[in-house]
Structure formats: structure tokens, C-alpha cells
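Asker: Handing you a structure now.
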């Protein structure tokens, strides 16, 4: 039963997103429906711990979302600031320009700059495992890899 409810909510949510409904609203409602389904199917007795509970199940669901997003937003902000600071520091001390000069020699021997770009994509996928912030990773790549790719002949666009 729980698997059927899950698949049904996922299918409806996916369909609404594909039909260009507001993704944030659709995903929030889909998540709330799944939370209430978990409660009704007996998987949980409350969404938050007793001292933070409001006493009304509907409000407890939003309190759970509030607690979860507040914690994740703070961690994400710190991660973005750390990655951006590192990237700016590398640019300030000239390490990024030195990296370009050093990396151009071996990478220039490859005949296709777009092959290097494809390998960079794979490198980014592995780095995203370590740097969970997409904007922090983008900032890091803009300071390190982007100048190399442009110097190799890849279009900046």
C-alpha cells in the first residue's frame, strides 16, 4: 500500500512539473502528502519531537519543514561562502593564472579542446560528491578550469 501511494504521488508530482506548474509548490505539496500518508499508514506518530510540537498535526508538518530547511540553509550558506572565499583567494594570489600556464602545456597536446571540456564535466561530477554546493563548485570552476578551457580554444559561451 505504501509503495502504491508513493508511486502515485511521484507520478502526479512529476506530471504537474512537466506540465509547467510551479515546481516549488508542487514539490512542497507532494512532500506534505507523503508525510501525511506516512502518518496515516502508521510509520510515524509525530513529525517533530514532543517539545517542539504544536499539538496540531498539520502545523507540526510545517514545523518539521521549518526545522529541516533552517538547518540545511545555514550549512549551504557556509559551504558557498567557503568555496567562494577559496576561489577569490586563489584568484587574488595569482594561483589561478599560474594553474592556467601550467595546465596548458600538457592539455594543449590534446587535439580537441572539446574533449578536454568533456573530461572536465566528468571531473566536475566527481567533485560534486565532495562539494555539495552547486554554486560553490561553479565558483571554484570559474576560477580554475574556465580560464584553461578558454585558453585551449573552447568558446566562453
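Any read-out appearing in this document is the output of simple, stated calculations on the displayed coordinates, not a laboratory observation. Here the structure is a predicted model, which means the values were calculated and not measured. With ideal geometry, Cβ positions are generated from the backbone for all residues, glycine too; neighbour counts draw on all protein chains shown.
Asker: Output the 0 to 90 degree angle, nearest 10, between the alpha-carbon long axis of helix 113-130 and the longest principal axis computed from the alpha carbons of the chain.
Answerer: Tilt relative to the chain: about 40 degrees.
Asker: At a 10 angstrom cut-off on C-beta neighbours, averaged per residue, how do the peptides 92-101, 1-10 rank from highest to lowest?
Answerer: Values: 92-101: 13.2, 1-10: 11.3.
Top of the packing list down: 92-101, 1-10.
Asker: What percent do you get for the relative contact order of the chain when only Cα pairs under 8 Å and 6+ apart count? Walk me through the numbers on the way to the answer.
Answerer: Working: 91 pairs, mean separation 31.8, N = 157.
Relative contact order for the chain comes out at 20 percent.
Asker: Follow-up question, since we're still on this one. What is the helix-to-structure angle for 2-18, meaning the angle in degrees between its Cα long axis and the longest Cα principal axis of the chain, kept from 0 to 90 and rounded to the nearest 10?
Answerer: In the chain, helix 2-18 runs at an angle near 50 degrees to the longest axis.
Asker: Using helices alone, what [θ] at 222 nm do you get for the chain, with -39,500 (n - 2.57) per DSSP H run of 4 or more residues, divided over all residues and rounded to the nearest 500?
Answerer: -27000 deg cm²/dmol
Asker: Mean separation of Cα pairs under 8 Å and 6+ residues apart, divided by the residue count of region 77-152: what relative contact order is that in percent?
Answerer: On the way: 50 pairs, mean separation 41.5, N = 76.
Relative contact order, region 77-152: 55 percent.
Asker: Quick check: the angle from helix 134-152's long axis to the longest principal axis of the chain, C-alpha only, nearest 10 degrees?
Answerer: 20
Asker: What ranking, highest mean first, results for peptides 103-110, 63-70 when packing means the other Cβ atoms within 10 Å averaged over each residue? Let's see the in-between values first.
Answerer: Numbers: 103-110: 12.4, 63-70: 13.9.
Top of the packing list down: 63-70, 103-110.
Asker: Within 10 Å, count the other beta carbons around each residue, average over each peptide in 137-145, 35-43, and list them highest first.
Answerer: Details: 137-145: 18.7, 35-43: 13.2.
Put in order of decreasing packing, that is 137-145, 35-43.
Asker: Against the empirical 2.2 N^0.38 Å scaling, what ratio does the C-alpha Rg of the chain come to?
Answerer: Values: Rg = 22.8 Å, N = 157, 2.2 N^0.38 = 15.0 Å.
Compactness ratio reported: 1.52.
Asker: Follow-up question, since we're still on this one. Taking the Cα centroid of region 105-127 and of region 29-47, what is the distance between the two, rounded to the nearest whole Å?
Answerer: 46
Asker: With an 8 Å Cα cut-off and a minimum separation of 6 or more residues, compute the relative contact order for region 2-72 in percent.
Answerer: Here the relative contact order equals 24 percent.
Asker: Moving to a separate point now. Give me the number: length gained by fully extending residue 99 to residue 151, i.e. 0.36 nm times residue separation minus the C-alpha to C-alpha distance, one decimal in nm.
Answerer: Numbers: separation 52, 0.36 × 52 = 18.72 nm, distance 1.17 nm.
Working it through step by step, the gained length comes to 17.5 nm.
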